[in-house]
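The values are calculated or read from the model by the stated rules, or taken from the named source; none is laboratory data. Remember, it's a predicted structure, so these values are computed and weren't measured experimentally. As a convention, Cβ positions derive from the backbone with ideal geometry for all residues, glycine included, and neighbour counts pool all protein chains shown. Side chains included, ligands, DNA and RNA excluded: accessible areas come from the protein's heavy atoms. Shrake-Rupley method; radii C 1.70, N 1.55, O 1.52, S 1.80 Å.
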Amino acid sequence: QVQLVESGGGLVQAGGSLRLSCVASGSIFSINNMGWYRQAPGKQRELVAVIISGGSFNYADSVKGRFTISRDNAKNTVYLQMNSLKPEDTAVYYCAVKRRGSDYWGQGTQVTVSA
């Protein structure tokens with residue numbers, strides 16, 4: 001089992017920045033992908049950014065150039081630096097990892113961007 005704890009969400013004005021953190025614990029060996037998803041009210045959960053084992057990255061088109069995902073293996077932590085935030089970035093952000101074919105999710109952290 002893998003436990004994930006997110007932090008760093010909050011309320012920010014449009015144009016501002018936030019950094020989300022997600023610390024993994026438990027059976028963290030053999031973790032493959034680590035990433036962030038988000039779900040806005042009334043919408044489906046969507047991929048924001050992911051680090052794939054091997055070091056490649058995928059970003060949603062809507063966040064390219066504004067968000068940066070990074071991973072600190074020594075701290076078992078994945079980060080999401082969010083710059084130039086827009087009201088449409090408002091959502092609950094979830095950390096997720098894939099390990100040996102199973103997906104694990106954090107509890108989510110709310111990000112609210114005011115106009």
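Among the numbered conditions (1) acidic (Asp, Glu); (2) open to solvent by less than 60 Å² (accessible area, probe 1.4 Å); (3) free of Cβ contacts under 8 Å to residues at least 12 places away in the same chain, the only one that Asp89 does not meet is (3).
From the list Val78, Val63, Val113, pick out the single residue that is in contact with a Pro (Cβ under 6 Å, 6 or more places away or on another chain) and at pLDDT 90 or above. The unique qualifying residue is Val113. Checking each residue in segment 18-31 for being assigned to a strand (DSSP E or B), farther than 30 Å from Ser84 by Cβ and among the polar types (S, T, N, Q) picks out only Ser25.
Residues in segment 58-86 that are among the basic types (Lys, Arg) and part of a loop (DSSP other than H, G, I, E, B) were compared, and the one that is most open to solvent (accessible area, probe 1.4 Å) is Lys64. Residues in segment 92-108 that are at negative phi, exposed (fewer than 14 other Cβ atoms within 10 Å of the Cβ) and either in contact with a Ser or Thr (Cβ under 8 Å, 6 or more places away or on another chain) or assigned to a strand (DSSP E or B) (or both): Ser102, Asp103.
Being touching a Cys at 6+ places or on another chain (Cβ under 7 Å) and among the aliphatic types (A, V, I, L, M) holds for only one residue in Val48, Val23, Val78, and it is Val78. Suppose the filter is of a type outside the set (Phe, Trp, Tyr) and open to solvent by less than 20 Å² (accessible area, probe 1.4 Å); does Ile28 pass it? Judged against the criteria, Ile28 is not a match.
Please enumerate the residues belonging to segment 31-57 that are of a type in the set (S, T, N, Q), touching a residue at least 12 places away in the same chain (Cβ under 8 Å) and open to solvent by 60 Å² or more (accessible area, probe 1.4 Å). Across segment 31-57, the qualifying residues are Gln39, Ser53. Within 15 Å of Val78 (Cβ to Cβ) and in a strand (DSSP E or B): is that true of Leu11 in this structure? Against the criterion (within 15 Å of Val78 (Cβ to Cβ) and in a strand (DSSP E or B)), Leu11 does not qualify.
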